[in-house]
Ligand SMILES: [Zn+2]
C-alpha cells in the first residue's frame, strides 16, 4: 500500500518539479585547465602518460581503433564484438559487448585529453587534435554524434549504449573546448546535445523504457546528465538542467537492472544497495543534479538517504563496494572488494556535491578516496592498476585474498595496464581520476572568493575582479601538511583566499589573520602583486574505528598500513614493458591491535606496537601510507 502511494507521488511529481525553483549552487567550477598539477602529482601523471594511460591504444589496439562512432556504427545486424575477454561468469548477456568499445575509447580519450592538456604534452596534444578532428567528422548534418546507424538510433526497446556512448565522448570534448575555446568543437557539442533533446523530447519520450532484461548500458546513459550539467554551467541556459531532471525522473520511473537510485527504492526503508557498484556511485550525480535543478524537497531527502547508504558501503579508505555487485552487503576491509571504476565514479560524485553544496565534508571524502584507496590501487613498481582491490590486501594472485568464488574464475585482483581478460574499463578510468581531482581542487565562490577545496600541489590561473591572478600551491601534501600559496597578480588586489581546514587538523600555524567558517579558513586582505601565504596544519597519529569496529591508523589525510613483503610474478605480456603483475605474500602473519597507545609519527612512518598473531608477542611495527603499498594490512581487530 505504502509503495503504491510513493510510486504515484513520484510519477506525478515530474511536472510539479519542472515548475519549482532550482537551488542556488554554492561554488563554481573553473574552466578545465585553469588548475594545473605540480609537484608529485604532476610527476605521477607524467609517469602515467609514459605508461598505460598514454599507451592504452598500443595495448588494446582493436578496441581503441574500432570505428564505432564512424563507419563502424552499429546496425540492426551488427554482431557482438570479441573484446578479447574471458566472459567468465558474466551473466549479463552479450548485448553490452556491442557498445562496449565506445566506453573504452571515450573514457580513455577523456583521460588522455585531460592529461595531455594539463601537462602541456606537445606530442599528446597533437594526437588529441587529430582525434578531435576525426571524431567531429563523424557527426551527421542533423547533429547526431554517436554509435548507431539511422535505422537504430533513438528507438530502442532493449539494452543499448545510445546515451552512454555520448556521455563518455562529450565529457572529453567539453574538456577540450574549455581549454582551447575551439568553436568547431563547441558548435558540434551544441548540435549534438540538441539532437538528443529533439529525438527524446522532454516529457514526451521514454528513453529509459527498455524492458526488464539487463540494461547496464542504458543505466550508464543516465550520466548524460554530466554533460547537461556542465552545458548549463557554461551557457547559463536552463534547458539543459530541466532536461537532466527529465532524464533522472524517466530513469527513476522505468524498470532497470541498476535500480539503486530509483526513488521507489530510495524511499523503501528496508531497501539495501544491490546493483552494480559503478552504476550506483555514478548515479549519485544525476540524483544530485536533479535535486538541485528541481529544488524539490523530496529529491533532497532522497539524496540524503542515498548518501547514507553509500557511506555504509564505504570502507575506511572511502572505497565503495564494487566487486562488482553490491548485493545488499556492508563494507568490510578484508572480505569486500572495490572496483577502480567505482573509485573514479564516487570521487567524481563527491566533487559534484562539493561544487553544489560547498560542504567541506565532500572534499574530505574525495581526498580520502583519491589519496588512500586510489593511490593504494596503483602498482608502485609497474605501470598498472588493480581492477579489484581490498583495503586489507593479503595476496594479489587474481582472487580476493585467496577466496574461491562459485561460478566465477576470478582474475580481477591483480595489477594490469589494461585488464583485457576482464574488461578495459578500469584503466581508462584510472587515467581520468587525477585530472578530475585536480579540476575540483580550486573553485570560486564569488568573483572575489577563491577556494582551495581539495588540497594538492597545484597552480591555478584565474581572475579576481577582472585582474589576472595566479596562485601556486606549493606543498608535498598529503605527505606533509605545510603549504605556501604564492600569489602573483598584475596589481595589488583585495580578495578572500578560502582554504579548507582538514577535519584532522588540530592546529593551524600561520602569521595571517584569519577566521574559520564552516570548515574553511578565510584570509581576507589586500594581496600584493607578489605575495605569499604560509599555512601549516599540525596533525597527530589517530587511532580510528571502521564500520566493523576494526582499528586503523591515520596521520593527516593518510591511512597507514603494515606493508607485507611479496614476490612479484609476471603475467600476460601486452607489449614490451607492459604486463600483468601478480603478488604472492612472503609471510601470512597477521597483526592485532595491541593497546591504546596510538604510537608516533616519524619520517613518513607511524611507529606502533601491534600483536603478532602467529606468536602472540607485541612487536614494534612500522606503518607506511597505504597508497605506497601492494600487499598490506590496514585494519586491526
Ligand atoms: Zn572497471
- [ ] Might you check whether a residue that is part of a helix (DSSP H, G or I), in contact with a helix residue (DSSP H, G or I) (Cβ under 6 Å, 6 or more places away or on another chain), within 16 Å of the ligand (Cβ to nearest atom) and not assigned by TED's automatic domain parsing to the domain that holds residue 517 occurs anywhere in the range 282-298?
- [x] yes
Open item on the list: List the residue pairs whose Cβ atoms are under 8 Å apart, where the first residue sits in the range 201-214 and is closer than 11 Å to residue 257 by Cβ, the second is outside any loop (DSSP other than H, G, I, E, B) and at pLDDT below 95, and the two are 6 or more positions apart or on different chains.
Closed with: 214/96
TODO: Could you please let me know if residue 171 is in a helix (DSSP H, G or I) and assigned by TED's automatic domain parsing to the domain that holds residue 245?
DONE: yes
Open item on the list: Within the range 302-327, take every residue that is assigned to a loop (DSSP other than H, G, I, E, B) and within 16 Å of the ligand (Cβ to nearest atom) and give me the one that is farthest from residue 287 (Cα to Cα).
Closed with: 323
Open item on the list: Looking only at the range 419-444, how many residues end up being assigned to a loop (DSSP other than H, G, I, E, B) and either in contact with a strand residue (DSSP E or B) (Cβ under 6 Å, 6 or more places away or on another chain) or more than 25 Å from residue 576 (Cβ to Cβ) (or both)?
Closed with: 2
- [ ] Taking residue 237 as the residue in question, decide whether it is modelled with pLDDT of 95 or more, surrounded by fewer than 20 Cβ atoms within 10 Å (Cβ to Cβ) and part of a helix (DSSP H, G or I).
- [x] no
- [ ] Return a yes/no flag: does the range 395-405 have any residue that is assigned to a strand (DSSP E or B), without any contact (Cβ under 8 Å) to a residue 60 or more places away in the chain and either over 22 Å from the mean Cα position of the chain (by Cα) or more than 16 Å from the ligand (Cβ to nearest atom) (or both).
- [x] no
Open item on the list: Let me spell it out: the conditions are (1) in contact (Cβ under 8 Å) with a residue 12 or more places away in the chain; (2) assigned to a helix (DSSP H, G or I), and residue 272 meets all of them except one. Which number is the exception?
Closed with: (2)
TODO: With a cut-off of at least 1 residues that are touching a residue at least 60 places away in the same chain (Cβ under 8 Å), name the strands (runs of 3 or more DSSP E) lying wholly within the range 494-589.
DONE: 520-527, 541-545, 551-555, 558-564, 566-575, 578-585
Task: Matching residues in the range 329-348 - criterion: being under 19 Å from residue 371 (Cβ atoms), in a loop (DSSP other than H, G, I, E, B) and either within 12 Å of the ligand (Cβ to nearest atom) or touching a helix residue (DSSP H, G or I) at 6+ places or on another chain (Cβ under 8 Å) (or both) - done: 331
Task: Failed item in (1) touching a strand residue (DSSP E or B) at 6+ places or on another chain (Cβ under 8 Å); (2) at pLDDT 95 or above, with residue 356 passing the rest - done: (1)
Task: Single match in 493, 487, 564 (criterion: surrounded by 13 or more Cβ atoms within 10 Å (Cβ to Cβ), more than 17 Å from residue 368 (Cβ to Cβ) and not assigned by TED's automatic domain parsing to the domain that holds residue 463) - done: 564
Task: Enumeration of residues in the range 416-432 that are closer than 18 Å to residue 169 by Cα and within 11 Å of the ligand (Cβ to nearest atom) - done: 424, 425, 426, 427, 428, 429, 430
TODO: Report yes if some residue within the range 134-152 is assigned to a helix (DSSP H, G or I) and closer than 26 Å to residue 51 by Cβ; otherwise report no.
DONE: yes
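The values are calculated or read from the model by the stated rules, or taken from the named source; none is laboratory data. Everything quoted here is computed from the prediction, not taken from an experiment. Don't worry about glycine lacking a Cβ; one is built from the backbone with ideal geometry, like all the others, and counts go over all protein chains shown.
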